[in-house]
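Right, one structure below, let's go through it.
The values are calculated or read from the model by the stated rules, or taken from the named source; none is laboratory data. Keep in mind the model is a prediction, meaning the values are calculated, not measured. Don't worry about glycine lacking a Cβ; one is built from the backbone with ideal geometry, like all the others, and counts go over all protein chains shown. Areas reflect the complete protein model, heavy atoms only, side chains present, ligands, DNA and RNA absent. Shrake-Rupley method; radii C 1.70, N 1.55, O 1.52, S 1.80 Å.
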Amino acid sequence: MCDSVQDMDIQDRSFSVRRSSVRGCGRVFRCVVGLFSVFCCVGWVGVSPPSAQGVLIKLSQPVDGLEEFDTQYFAKTELEELVAKLRREYPSEYGNGNVSKIRQAITSGEYYNSSVMVTSAPSAKLSRQASRVEIFAGTGQRGNFLDPIDPTKTELRPFGIASLSDGRVLITDMLNHRVLLVSAAGDSIKVFAGTGEWNSDMSMDSTNPTKTQLKDPVRIAVLPDQQNVLIVDGGHRVLVVLAGKGIGVYAGTGYAGDGKGKLDPSDPTKTDLWGPQGVAALPDGRVVIADRNNNRVLMIYEGNHVSHVSVLAGTGYQKGNFDPDDPTSTHLLDIRAPTGVAALPDGRIAVTEGCYGGKLLIISADGKQIKTLNTELNDPSGLAVLPDGRLLIADSRNNRVLMVSPDGGPATVLAGTGCKGNFVDPDDPTNTQLDFPSDIAVLPDGRILIVDYLNHRVLSIYGVKDQ
């Protein structure tokens, strides 16, 4: 299993709660055709609200094709794929109107993150949680081909990821020198910023992000207004895309500087950044930047129409003693190569320390205390925060994603086996192999996206059990 790639073709997937296989495209179509007929003709007895196990839909009467599979789990993507097949192969019977009503009834809105259990048995109950792993974007092969209607047929070399509140997803296609935007429905992908090429002059068209050259964009963050986006660029700068129509420099001079980390307290664009790696936006509009090679974390905010730049933690050195009571003191030399940053709901800042260290640091909301939470990491990078405040960590060189409370306690493996590879187990994230996961995003519907960097893909996980 570890050396093979799971066949993701829809005909080979298991639909049954008892994990019995549905053999043959015809039987699958009969099952779904019967299901479609019920919604269009006879309706259902009721739909349960989403739960930890999924959504339960009870049919009003038995349906041809469902008798022998009368408890079925349908994942959202499986239904979408089958709908697409039916629209192609049965256009007269299943036109756009019919299909859109079914899609809306089953798989959109509050049910989007859930598996759907369909049954004609009156006494049926949800019996398990259906955890799913799917390819969200990328072919698994590096390249730069873009299929505008299918993210899974688009070649990626991704590194960072972020989601907007409407469900759209931004991906930094790092080595293709561009940022991509995936629709909320996952049925389209386009260039959001970057030309796909880079040269040393880093030319910028302030009116058109897609005509601005990016150099190895690594991370991305959405500002609280959901209109403006920050891009951490490999040219020692952070760019801001204004409502998708304009672009400018948010921070950094474009040069690494003299290695002393020059800081202009009133102008982020005159502050030297050296290989910045992470960026996060706080709800109040403040922005945190992981200035990796300057071994510090910066805080930027606007006040009275003036920018303010300060060091949140770190002094620019790599060795020394650790002062837990003052992140910016001359004795705090324990922030080394910060790579990922995330804002916690209570105002604290989480920072991953990569390469030289391998730690998760938590900085207090007032910026006066710092603590080490986890040292069993190997070059961690991206971070994401779940709605309940738990942290997701891309433990990159351990080839896994961890889930941990920012208050401490044991970490839980969310995805990855710890052994690099490209095998996907559609039913078990912890049996799915990763190769240097670099970033994570949590979508509004609850799905978790993982950038599987060296596998040139983005994975989607949903139905994750509470641990």
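Of all residues in region 364-380, which are assigned to a loop (DSSP other than H, G, I, E, B), modelled with pLDDT under 90 and open to solvent by less than 70 Å² (accessible area, probe 1.4 Å)? SER364, ALA365, GLY367 - these are the residues of region 364-380 that are assigned to a loop (DSSP other than H, G, I, E, B), modelled with pLDDT under 90 and open to solvent by less than 70 Å² (accessible area, probe 1.4 Å). The single condition from (1) under 30 Å from THR315 (Cα atoms); (2) open to solvent by 40 Å² or more (accessible area, probe 1.4 Å); (3) part of a loop (DSSP other than H, G, I, E, B) that LEU214 fails is (2). Among the residues that make up region 173-180, is at least one of them in contact with a His (Cβ under 9 Å, 6 or more places away or on another chain) and either farther than 24 Å from ALA342 by Cβ or without any contact (Cβ under 8 Å) to a residue 60 or more places away in the chain (or both)? Within region 173-180, none of the residues are in contact with a His (Cβ under 9 Å, 6 or more places away or on another chain) and either farther than 24 Å from ALA342 by Cβ or without any contact (Cβ under 8 Å) to a residue 60 or more places away in the chain (or both).
Yes or no, residue by residue, for (1) of a type in the set (Phe, Trp, Tyr); (2) in contact (Cβ under 8 Å) with a residue 24 or more places away in the chain; (3) open to solvent by 30 Å² or more (accessible area, probe 1.4 Å); (4) in contact with a strand residue (DSSP E or B) (Cβ under 9 Å, 6 or more places away or on another chain):
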site	(1), (2), (3), (4)
ALA193	no, yes, no, yes
ASN199	no, no, yes, no
THR207	no, yes, yes, yes
VAL229	no, yes, no, yes
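Taken over region 132-154, the criterion of being open to solvent by less than 20 Å² (accessible area, probe 1.4 Å) and in contact with a Gly (Cβ under 9 Å, 6 or more places away or on another chain) is satisfied by ARG132, ALA137, PRO151, THR154.
Filtering region 239-277 down to residues that are closer than 24 Å to VAL442 by Cβ, part of a strand (DSSP E or B) and in contact with a helix residue (DSSP H, G or I) (Cβ under 8 Å, 6 or more places away or on another chain), which residue is least open to solvent (accessible area, probe 1.4 Å)? Here the residue is VAL241. Within region 162-172, is even one residue farther than 22 Å from ILE461 by Cβ and surrounded by fewer than 21 Cβ atoms within 10 Å (Cβ to Cβ)? No, region 162-172 contains no residue that is farther than 22 Å from ILE461 by Cβ and surrounded by fewer than 21 Cβ atoms within 10 Å (Cβ to Cβ).
Filtered by the rule that a residue be in a loop (DSSP other than H, G, I, E, B) and open to solvent by less than 30 Å² (accessible area, probe 1.4 Å), region 278-287 gives a lone residue, LEU282.
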